[in-house]
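For reference, the structure discussed in these notes is given below.
What follows is calculated from the coordinates using simple rules that are stated; it is not laboratory data. For clarity, every value in this text was computed on a predicted model and none was experimentally measured. Quick reminder, even Gly has a Cβ in these numbers, built from the backbone with ideal geometry, and neighbours come from all protein chains shown.
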Amino acid sequence: MSLTSILLGLALTLIIVATILRPIWLGAQPLKDESHSARLLSEKAAILQSLHDLEQDLQTGKLSQADYSAQRPQLLARGAEILKKIEGK
């Protein structure tokens, strides 16, 4: 076995070990941040859909103006909270 093949095998082994151990060295924090961000983005999308549905229900007469006027500010306030959290990241 030549010295070159030994060094190449050692380098390859070190790369594989480093790749496997990298998540342990860096910790799981990035995954938590990613799942938190994904949850916020999902909640933002749900609120946008709810606002759209609310508008549709008002337009089609399924919802009274009083109910619309009561629900819309609540959705907008929650949406504003979520946007602040997203921008704070």
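Summary of values
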read-out	value
Within the chain, helix-based [θ] at 222 nm, where runs of 4 or more DSSP H residues each add -39,500 (n - 2.57), nearest 500	-31500 deg cm²/dmol
Between 0 and 90°, nearest 10: helix 65-87 axis offset from the chain longest Cα axis	20 degrees
Pairwise Lys count, the chain - Cα closer than 23 Å, eight or more residues apart or different chains	7
Neighbourhood charge, 12 Å Cβ-Cβ cut-off, centred on residue 55 and excluding it, Lys, Arg +1 and Asp, Glu -1	0
